Amino acid sequence: MKHIAIIGGGSWGTALAIASSELGHSVKLWVYEPELVTLINQSHCNEIYLKDFSIPQNVVASNSLAKSLEAAQIVLTAVPANHCRSLYQAMVPYLTPDMIFVSATKGIESKSLQRMSQIMEDLFSPSFQPRIAVISGPSFAKEVARGDPTAMVVAGPNKKINETIQSEFSGSTLRLYTNNDIVGVELAGAVKNVIAIAAGVCAGLGFGSNSLAAVVTRGLAEMTRLVTACGGSRQTMSGLAGVGDLVLTCNGKLSRNRSVGFQLGQGRKLTEITAGMQTVAEGIPTTEAALGLAKRYKIEMPITEQMNLLLHHNKNAHDVIKDLMERRLKNE
């Protein structure tokens, strides 16, 4: 049994808390909303972000970082990418060198264009050398909470740390594979959300399977181009964190990013869509961040570019698809 602190009481953090506690771990769940802390501790449910799932009694919620992090051996963070830096900074006084830090966030920080592991390294290393890993892969929160068999990847530079996380989080419903390509795993998890928005646009416009297959395939090419330019491995893209997560997010009806794209394809405005959402669709801010990295490394990401015009510059969905199809012809 390990003492695990999960920072983030959204759907993903709650699902991971349920799965971790069912493996026998003692789990402290840091939650931002005080009213949700009370609800989880008294009613053992998260009615705001993950309805209809019972949270085991060995999960204790708190909105105190000090209490949540006390005696933690593994600190797993599951919060939106653009909130991570301020939260990591607030955590620093309560961290110790023997902790293992695991990011479960799939995004890129908009301002710095950094991955979450890079932000951790920047903020924690003045105090001690942090032991960092990330987890990613095809994993809808509701299905993990329900106990559906799910395979994921843990990646980091330290083989022993990866194997520790693999061992502690694997069981009859979760299976983790190890990978040393932290760059590829993090970027794949972030950029697949952008491609999922494009897949949703196609569905919202009424297009069929041909269009979806084209988006997934060419989206994977964009993801691979970015990952390799940033120093990641092409091989990672053929695994769970790459094509596995991409296929799930582009097809699954539980995908928030696909849903955003679907509604855009039907003509709704982004402001209307996000106003009705309780949770963050990471693909929206990631689109601009991914384009920033593409410019830095001088690579083409045409789907991402068109999604940026659709999301942030009011371009029409039909024009987005038209411009993608009528680009200069080229070799695959």
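Quick notes
- Number of Lys pairs (Cα under 21 Å; 8 or more positions apart or on different chains) in the stretch 3-180: 5
- Percent of beta bridges antiparallel (DSSP, the stretch 1-156, rounded to nearest 5): 15
- Spatial separation of Cα centroids for the stretch 254-303 and the stretch 56-79, in angstrom: 30
- At most 13 other Cβ within 10 Å, DSSP loop - trypsin sites (Lys or Arg not before Pro), the stretch 78-119: 111
- Order by protection proxy (mean Cβ within 10 Å, highest first), peptides 255-267, 44-56: 255-267, 44-56
- Ordering of 57-63, 273-279, 178-184 by burial proxy (mean other Cβ atoms within 10 Å per residue, highest first): 178-184, 57-63, 273-279
- For the chain, the spread of Cα positions along the three principal axes, ordered from largest to smallest, is 57, 39, 35 Å.
- Dipole of the chain computed with +1 at Lys/Arg Cβ and -1 at Asp/Glu Cβ about the Cα centre; of 169, 207, 95, farthest Cα towards the positive end is 207.
- Dimensions of the stretch 3-180 from C-alpha coordinates, computed as largest minus smallest value along each principal axis and given longest first, are 40, 33, 31 Å.
- Long-range amide H partners of residue 76 with built H, under 5 Å: 5, 6, 7, 102
- With respect to the chain, whose longest principal axis is taken over its alpha-carbon atoms, helix 81-91 is tilted by about 20°.
- Charging the Cβ of each Asp and Glu at -1 and of each Lys and Arg at +1, and nothing else, the dipole of the stretch 1-130 about its Cα centre rounds to 160 debye.
- The chain - mean residue ellipticity at 222 nm from DSSP helices (-39,500 (n - 2.57) per run, n ≥ 4, rounded to 500): -15000 deg cm²/dmol
- 0 to 90° range, to nearest 10: angle between helix 209-229 axis and the chain longest Cα axis: 70
- Taking Cα atoms only, the orientation of helix 256-265 departs from the longest principal axis of the chain by about 30 degrees.
- Taken about its Cα centre, the chain carries a charge dipole of about 640 debye when Lys and Arg each add +1 at the Cβ and Asp and Glu each add -1 at the Cβ.
- Length-normalised contact order for the chain - Cα pairs under 8 Å, 6+ apart - percent: 15
- Taking every DSSP bridge with both residues inside the chain, close to 15 percent are antiparallel.
Each reported figure results from applying straightforward, stated rules to the coordinates on display, with no laboratory input. Everything numeric here is computed off the predicted structure, so don't read it as measured data. Here Cβ is always computed from backbone atoms with ideal geometry, including for glycine, and neighbour counts include all displayed protein chains.
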